Amino acid sequence: MIKRDKISIIYDILHAIQAKGGKIKPTHLLYKSNLSYQTMLRYLDELMGKGMVYTVQEKKSKFYCIGDKGYQFLAEYKRIKEFTESFGL
Amino acid sequence: MITFLHAPDWYVPFAAFFELVLFLVTLGIAYYSYRIWKLTSEANYLSFFASFFLIAVSFLTRVVTNIILSKDLVTFNQTVREVVVASSNLGIGYMFRSVFVFAALMILIILALKITDRRVISLLGIMVLLASFISFNAYVAFHIISIVLLMYIVAYFYGRHTARRSKSGLVVFVSFLLITLSQAFYLLVFLSKAFFVVGHLTELAGYLLLFVMLILVLNR
C-alpha cells in the first residue's frame, strides 16, 4: 500500500467533508479519512488553524465544516499536487 | 558590467532582454509558490517562494547593474573598459547578485536534502559566503560555487525522476541540469566570449523549461 503524503491526506479529509455537503460528524470523518483518531485530530487542528475547516455544534452533536480556504484548496488540489511532486516539496 | 563585459558586444542588447525575461519567469514561479503557501501555510512553499524570489531579484540586480555600467562604459576607451571589468568583478552589484543567488540555491538544497539542523545550515551559509567573498576572482568563484550547489540540486531531482518517472519530474531535472551547465559555460568565457552567449542561452532555456512546466501545471 502506498503511503499518502500530507497534501493527499488533507485532500481526503476535505473531500470527505465536501462529499457530505460541507458538514460531517467526527466518527464519519474518521471512517472516511482512513486515519487513526489521534492523527485525524492533529490534521483537523492544523486545518482549523489554516481556516480550511471549522466546527459547529448542533444539538448535542459536533460537526466539522469545510471553510472557504478548504474549498479553494480542493479546487487547486491537482495543480498543487503536480507542482509539489515536480519540485519535490 | 560584470556579466555583460564578458559578452560579445553584439549580444549585449539580447542579454539585457533575456535577463528581463529570466526575471519575469522566476518571479512567476515564485508567485505561484507564494499562492500555494497562502492557501496551505506549509513552510516548504514559503521557502520555495523565497528561493525563486531571490533568484528573480538576482536577475533584476543583473539588469540594473548592466544598464548602469553599460551607460558609463560608452564613454570609456578599451583600456579603461578592461580596468572597469576587473574592478566591477568586486563591485556592489556582483556582491548583491552573489548573495541572492547563493541564498536561493542554499534554500533549494535545504529543501531537497531536508536539512533541519540550524547549525548545519549556518555552517553551509558561512562557508559559501566566505568562499565567495574572500576569493581572488569573484566571477570564477561565483560560478564554481554555483555549480557545486546546483550539482546537489540536480542529483536530488535526478533521484526523484528515476524513482517516479514522471514527465514533470524529468522537466525539472533537465531544467536544473541546463542551469548547471550554463554556469560551466560562463567559466569558459576566458577562452572565448562566445561561451558567454552559449551559457546565457542555456540558462535561459533552463528557466524557460521550468516556466513551461509551471504553465502545464496551471492548465491542468
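The values are calculated or read from the model by the stated rules, or taken from the named source; none is laboratory data. As the structure is a computational prediction, the values presented were derived from the model and not from experiment. For neighbour counting, all protein chains shown are included, and Cβ atoms are generated from backbone atoms with ideal geometry for every residue, glycine included.
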Of the conditions (1) under 11 Å from the mean Cα position of the chain (by Cα); (2) over 30 Å from residue B:176 (Cα atoms), residue A:23 clears all except one; give me its number. (1)
Spot the failing condition for residue B:156; the list is (1) buried (at least 18 other Cβ atoms within 10 Å of the Cβ); (2) farther than 22 Å from residue B:53 by Cα; (3) within 12 Å of chain A (Cβ to nearest Cβ), and only one is missed. (2)
Looking at segment A:1-32 only, could you name the residues that are touching a residue at least 60 places away in the same chain (Cβ under 8 Å) and touching a strand residue (DSSP E or B) at 6+ places or on another chain (Cβ under 9 Å)? A:14
Of all residues making up segment B:96-127, the number that are touching a residue at least 24 places away in the same chain (Cβ under 8 Å), part of a helix (DSSP H, G or I) and not hydroxyl-bearing (Ser, Thr, Tyr): 16
Reported set for segment B:159-172 where residues are within 12 Å of chain A (Cβ to nearest Cβ), assigned to a helix (DSSP H, G or I) and among the hydroxyl-bearing types (Ser, Thr, Tyr) is B:168
Can you tell me which condition residue B:210 does not meet? The list is (1) in a helix (DSSP H, G or I); (2) within 13 Å of chain A (Cβ to nearest Cβ); (3) modelled with pLDDT under 90, and all the others hold. (3)
Identify, from the list B:192, B:168, B:146, the residue that is closer than 26 Å to residue B:35 by Cβ and of a type in the set (S, T, N, Q). B:168
For segment B:41-89, what are the residues that are part of a loop (DSSP other than H, G, I, E, B) and either modelled with pLDDT under 55 or surrounded by fewer than 13 Cβ atoms within 10 Å (Cβ to Cβ) (or both)? B:74, B:75, B:76, B:77, B:89
Within segment B:159-171, residues surrounded by 14 or more Cβ atoms within 10 Å (Cβ to Cβ) and within 12 Å of residue A:82 (Cα to Cα) come out as B:166, B:168, B:169
Test residue A:36 against the stated conditions and say whether it is more than 10 Å from chain B (Cβ to nearest Cβ) and touching a residue at least 60 places away in the same chain (Cβ under 8 Å). no
Could you please find all residues in segment B:136-157 being closer than 11 Å to residue A:88 by Cβ and either free of Cβ contacts under 8 Å to residues at least 24 places away in the same chain or hydrophobic (A, V, I, L, M, F, W, C) (or both)? B:153, B:157
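Residues are listed down the side, and each one gets a yes or a no for (1) modelled with pLDDT of 90 or more; (2) in a strand (DSSP E or B); (3) over 13 Å from the mean Cα position of the chain (by Cα); (4) aliphatic (A, V, I, L, M):
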site	(1), (2), (3), (4)
A:3	no, no, yes, no
A:14	yes, no, no, yes
A:30	yes, no, no, yes
A:45	yes, no, no, no
A:65	yes, yes, no, no
A:71	yes, no, no, no
Among A:21, A:88, A:49, A:70, the single one that is exposed (fewer than 14 other Cβ atoms within 10 Å of the Cβ), at the interface with chain B (Cβ under 10 Å from one of its Cβ atoms), closer than 28 Å to residue B:35 by Cβ and not charged (D, E, K, R) is A:49
